[in-house]
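Peer 1: Structure in structure tokens, see below.
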Amino acid sequence: MVIIAKPKKFNLRLMVQIFFFTLIALISVNKTLAATGMGIPFLSTASLHALCPFGGVETFFSLVTTGLFIPKTQISAVILMGLVFLLALLFGPVFCGWVCPLGAFQEWIGKIGKKLFKKRYNHFVPTKVDKVLRYLRYGVLVWVLTVTAVSGTLLFANLDPYHALFKFWTGTVALPALILLVFITIGSLFVERPWCKYTCPYGALLSLFNKIRIFKIRRKTETCVSCQKCSRSCPMNIDVCRNETVSSLSCISCYECTSDRNCPKAETLLVQATQKSPQVSIAVVAIVMLTVFIGGIVGSMALGIWSSKTNDQGSGGKNNGNGQKNKVEMQEEVTD
Ligand code: SF4
Ligand code: SF4
């Protein structure tokens, strides 16, 4: 008997995740290479903090109140913050589900966990404990924004697992960040995206857009056969099958539940603005997302607004957006 293997369905989200992960990894390596004069031409050597939209959130208070960026951040982070907010308003936290390299890293580690624990994977934390823990990230968000506003420095950088992931080999990462990264890596073997679920301050902020996003995930009850495959496919343990509209704060807009890899009934889980409006395909979501990101960056470069050059080559201190210190605030030695 000849067994014909089913062709694997194309995973667009995985392609986008690999693209952004590789890009950030290359920029990180290039920064080190550039210091030795062997940098890759045409590739950015920016600080990872200047390319992180959460850096934009952290520096925003300082920018509005004093007109200065906190050390390691730049206008690039503020522009990225705006682009991510725009996308979140349209489709929810697509940054978390499609772009964030730390999110992708946890998912990839999770694939090992799925192989090891099969159906038990992502179900180790008791529901009651899980419910309480999900509030933790809002506390982290308030704490990070408060200490950053009060201190005028990126104190969170010493705990930042995203920075640790792409810089662990440089010897410049603070020990607490490295320890946190190890915890997240081990945790991802048992729980899908533990950092996103319980601790990420940026995920907490973006989660609020789930309540106001224009395009929501809707389940057509007429065609749904209640097989629960959508709920089982959700990395954030959302019971999609029991909702007509997904409005959970935990949704990361990965759209795994809507994929035909998971829901067997075509046109049952739809991305729509209203029940009567036309559905938006995942390919369209991806195209809009990439257009907004790439178009926003290229557009701001063309307008001369974009800059990712920070004052991180020596001692810190707030900068005025030209990468120059304009205060003698020798607050910290910046090594990123
Ligand atoms: S509800 Fe769907 S889009 Fe939201 S996190 Fe779960 S699988 Fe992803
Ligand atoms: S996977 Fe599709 S058919 Fe199955 S319960 Fe979810 S929405 Fe209904």
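The values are calculated or read from the model by the stated rules, or taken from the named source; none is laboratory data. A quick note: this is a predicted structure, and the numbers were derived from the prediction, not measured. Cβ coordinates were reconstructed from backbone atoms using ideal geometry, including for glycine residues, and neighbour counts include every protein chain displayed. The area values use the complete protein model at the heavy-atom level, side chains included, leaving out ligands, DNA and RNA. Shrake-Rupley method; radii C 1.70, N 1.55, O 1.52, S 1.80 Å.
Peer 1: Of all residues in region 223-243 being in contact with a strand residue (DSSP E or B) (Cβ under 7 Å, 6 or more places away or on another chain) and not in a loop (DSSP other than H, G, I, E, B), which is farthest from ligand 2 (Cβ to nearest atom)?
Peer 2: Residue satisfying both the conditions and the ranking: 240.
Peer 1: Inspect all residues belonging to region 203-216 and state whether any of them is within 16 Å of ligand 2 (Cβ to nearest atom) and either open to solvent by 20 Å² or more (accessible area, probe 1.4 Å) or outside any helix (DSSP H, G or I) (or both).
Peer 2: Checked region 203-216: at least one residue is within 16 Å of ligand 2 (Cβ to nearest atom) and either open to solvent by 20 Å² or more (accessible area, probe 1.4 Å) or outside any helix (DSSP H, G or I) (or both).
Peer 1: Still on this model: Just name the residue that is nearest to the chain's Cα centre (by Cα) out of those in region 59-72 that are assigned to a loop (DSSP other than H, G, I, E, B) and hydrophobic (A, V, I, L, M, F, W, C).
Peer 2: 70
Peer 1: From 277, 248, 259, which residue is outside any helix (DSSP H, G or I), open to solvent by 20 Å² or more (accessible area, probe 1.4 Å) and more than 29 Å from residue 77 (Cα to Cα)?
Peer 2: That would be 277, the only listed residue that is outside any helix (DSSP H, G or I), open to solvent by 20 Å² or more (accessible area, probe 1.4 Å) and more than 29 Å from residue 77 (Cα to Cα).
Peer 1: Every residue in region 181-202 that is in contact with a Phe, Trp or Tyr (Cβ under 8 Å, 6 or more places away or on another chain), outside any loop (DSSP other than H, G, I, E, B) and of a type in the set (A, V, I, L, M), please.
Peer 2: Hits for region 181-202 are 181, 184.
Peer 1: A follow-up question, please. What number of residues within region 281-307 are open to solvent by less than 20 Å² (accessible area, probe 1.4 Å) and within 16 Å of ligand 1 (Cβ to nearest atom)?
Peer 2: Number satisfying all stated conditions: 3.
Peer 1: Would region 43-58 turn up any residue that is more than 20 Å from residue 164 (Cα to Cα), assigned to a helix (DSSP H, G or I) and open to solvent by less than 20 Å² (accessible area, probe 1.4 Å)?
Peer 2: No, that holds for no residue.
Yes/no matrix, rows are residues, columns are (1) within 22 Å of residue 255 (Cα to Cα); (2) in a loop (DSSP other than H, G, I, E, B):
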{"site": "105", "(1), (2)": "yes, no"}
{"site": "111", "(1), (2)": "yes, no"}
{"site": "118", "(1), (2)": "yes, no"}
{"site": "125", "(1), (2)": "no, yes"}
{"site": "140", "(1), (2)": "no, no"}
{"site": "157", "(1), (2)": "no, no"}
{"site": "163", "(1), (2)": "no, no"}
{"site": "169", "(1), (2)": "no, yes"}
{"site": "179", "(1), (2)": "no, no"}
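Peer 1: Here's a follow-up. State whether the residues of region 312-331 include one that is within 20 Å of residue 148 (Cβ to Cβ), surrounded by 18 or more Cβ atoms within 10 Å (Cβ to Cβ), at pLDDT below 55 and of a type in the set (Lys, Arg).
Peer 2: So far as region 312-331 goes, yes, one or more of its residues are within 20 Å of residue 148 (Cβ to Cβ), surrounded by 18 or more Cβ atoms within 10 Å (Cβ to Cβ), at pLDDT below 55 and of a type in the set (Lys, Arg).
Peer 1: Sticking with this one: Could you please find all residues in region 217-245 being open to solvent by less than 40 Å² (accessible area, probe 1.4 Å), in contact (Cβ under 8 Å) with a residue 40 or more places away in the chain and within 11 Å of ligand 1 (Cβ to nearest atom)?
Peer 2: Of everything in region 217-245, those that are open to solvent by less than 40 Å² (accessible area, probe 1.4 Å), in contact (Cβ under 8 Å) with a residue 40 or more places away in the chain and within 11 Å of ligand 1 (Cβ to nearest atom) turn out to be 217, 219, 235, 236.
Peer 1: Looking only at region 30-42, which residues are assigned to a helix (DSSP H, G or I) and open to solvent by 60 Å² or more (accessible area, probe 1.4 Å)?
Peer 2: Residue satisfying the conditions is 35 alone.
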